[in-house]
Every structure is written in structure tokens, then in C-alpha cells.
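Please read the structure below before turning to the comments.
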Amino acid sequence: MTSTITFDRAVTATGATSTRVADDKAMLRAAADLTRELSQPKPAVYWGDLIASCGIGYGALVVAASASSTAIVTVAAIVSVLALYRAMSFIHEVSHMKHSALPGFRAGWNALVGVPMLIPSFMYEGVHNLHHAKTRYGTAEDPEYLPLALMKPWTLPLFIVVSALAPVGLLIRFAVLSPLSLLSPRLRTAVVERFSALAINPQFRRRAPEGEAKRLWDRVETAASLWAIALIAMAATGIIPLRSFAIILGIAAAVAVLNQVRTLVAHLWENEGEPMSVTAQYLDSVNVPPPTLLPGLWAPVGLRYHALHHLIPSVPYHALGEAHRRLTALLEPGSPYHKASYTGLPVLVGRIARSTMIRR
């Protein structure tokens, strides 16, 4: 199967070079044809993976929060971070799935992860789908995009460090702002628009939910608010020792930082706001396929195939490896499909860091 990729370079008003990439029809056709029968999620895989991740993550969290040995605390904390990060990453699947294909999974995920970790699914549903809109990706209307590769070098460490404050921010959002917003329509509007989305674009404002989405939002937000208030009360009254509470917050912060590092290398972040073709969006995204093993830890639940996911967002995470193998075997070496694959985290971090310093 032959494949071509066309570039049209133009100089923008900022003096940077903008690359427009025409859609590669052969790649898009192959992605659709070869993966059509892979779109059915397997409930046993989803539930088994989620329950195992939660069991290991929370079990290790209890050990870390209660152990007196520094070595045990450290090992248990690492295990907890990796397992809870994997469990948390299912929010990405929840935002894409047809809930009729996995009845009860969204409710189960919210009960096991969304509420306990104060990241209920409504903070991603209705937000992440905008990132996949063909006309929004990489533009100012994309809630999950910033041209990080074109910014100043100091923005990268700031982008990572600020994520460590996420657990405290979420506690404030649900324990303080949620109850207070019931008394003030203006505050409620601000909470919904600005503090209810897992987004990185500071200009993004989300719309208020309606209908069944609002009813689900209200139920889950109430549960998360009560849980956040209970956590603070238990820490304040000594039911949870302050040392244990600090360890729990530290583990939650490490999960947030790990996710932010993964976000930093999920794309190349080189678009300056112009609409992009599907192929350009794919090439601005990242696959980190086998034989490298570590991406299975820092990009779990299919996130190591992030570029492929942008081609076939309806394919469940457990089928992305097979989809990648099929496309790799079929498409010739010159296909743009192969240009989105990278060897690992250091290469990707080095690339974006060099880009910020060159642009400087």
C-alpha cells in the first residue's frame, strides 16, 4: 500500500514556521478497515484491571500511611502511586466508551476512583471529547492543548511542578467551593466553568451540564464533596494522624505529577493554534510502542498508543496493541504512521526541552 505525505510551509506572524500536513488517505483508510472488529470492549478485562489496580493501590496506600519503617513506606508509596495512577487513567476510557457496552462501569469507576481521589468522571466527560474534535485540536478552543514546545524554557518545569498542588486544589474545590457555590449563583458559575475540568488550557471555560448529565454531575459532586469534607475532618480530629494524611497527600501529588509528565510527552505541542488535518494531529501525537517496557508504567491503559488513539478513538485500550501491530505490518516504511513512534520518555522530554530553548 503506497502512502504519501504533503507539507505546505508558511511563515506565521510570529516568525515561526507553520507546517500544514495533508491527510494521508491510505493511512486513514487502513486504520479504519483493519480495526473495525476491535472496537468491542471486553468487560472482564476492564473490571479485572480496574479492581486489581485499586486493590493494589489502596492496599499499598494503607501500608505506606501506617508503616514506621522509611524503607517500607517508600516501597509501598511507589507501588501505590503506580497502581492508583493506572486506576485513575481509566477516566480516559470512561470519557470515550459507550456506556451501554459496559453497564455500570462509569458508576463503578466513580465509586472506586473518581470520588475517593476527587477526580469524578464529569471533570473529563464533556471536556476530553473537545480535544478530539477535528476542528478544535491544537486550537485555542482545545481544552487539552498548549503550544508548550514554542514557549519559554521555564514553562516546562512550571508545568510539572504546579501539578503537585492538585490534591490540595481538589480538596478546596470539593470541600469548600462546592458547598459555598450552593449559596452564590455567581460562584457556582465560576466553579462549573473554571474548576470542573481536567484541562491545561487556562482560557478554557466549560458549559454547564444539562439533563441527565447534570443529574449525574450533581450526584457524584455531592459524594465527592462529602468525602472531601470527611477527609479534612478526620485529619483535623486526629482520626487520620497528620503524618498519615501527609503521606496520603504525597502519594496523590506523585500520581498527579506522573500524569503531568505523561501529558508533557503525549503530544509534540508544536501547533500555534491553526486547525490541523487528522494526519497532522496524528503526527503531533506520540506512540511509545514495545519493545520498550517502561511506558507500560508511565503511560498505562493504552496511553502508550496515544497517537494511534487519535486515529481510532473508539477502539478500547486493550485492543490498541493489536491495532498497532496490524498497521505496522501493513503500511510501508514511508508511511507517516511510523513517524509518530518514539523510543521512550528521555527522548521525548529532550525533544520538547530543545525546542523551547531554540525558540528562545
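The values are calculated or read from the model by the stated rules, or taken from the named source; none is laboratory data. What you are looking at is a predicted structure, and each value in this text was computed from that prediction instead of being measured. Here the Cβ is made from the backbone with ideal geometry for all residues, glycine too, and neighbour counts use every protein chain on show. Areas reflect the complete protein model, heavy atoms only, side chains present, ligands, DNA and RNA absent. Shrake-Rupley method; radii C 1.70, N 1.55, O 1.52, S 1.80 Å.
Given only helices, namely DSSP H runs of n ≥ 4 each adding -39500 (n - 2.57), what is the per-residue ellipticity at 222 nm of the chain, to the nearest 500 deg cm²/dmol? Calculated mean residue ellipticity at 222 nm is -16500 deg cm²/dmol. Membrane-span-like helices of the chain, defined as complete DSSP H segments with a Cα extent of 18 Å or more along the helix axis and a mean Kyte hydropathy of at least 0.0, are identified as 43-66, 70-96, 211-237, 242-264, 345-359.
The residues of the range 65-155 have, on average, 39 Å² of accessible surface per residue, using a 1.4 Å probe with all protein chains present.
When the solvent-accessible area of the chain is split by element, carbon and sulfur atoms take up 66 percent of it, the probe being 1.4 Å. Annotation for the range 193-245: GluC sites (Glu not before Pro) lying in DSSP loop with at most 14 further Cβ atoms inside 10 Å of their Cβ are 210.
For residue 112, the shell of other residues with beta-carbons less than 14 Å away shows a net charge of 0, using +1 for Lys and Arg and -1 for Asp and Glu. Sites listed here are trypsin sites (Lys or Arg not before Pro) in the range 58-118 whose DSSP assignment is loop and whose Cβ has at most 12 other Cβ atoms within 10 Å: 98. Using a cutoff of 8 angstrom between alpha carbon atoms and counting only pairs six or more residues apart, the relative contact order for the chain works out to 26 percent. Straight-line cross-link partners of residue 214 among the lysines, defined as a Cα under 25 Å from its Cα and at least 8 positions apart when in the same chain: 98. Put simply, the amide H of residue 287, placed in the peptide plane, has neighbours under 5 Å in 307, 341, 342, leaving out anything fewer than 5 places away on its chain.
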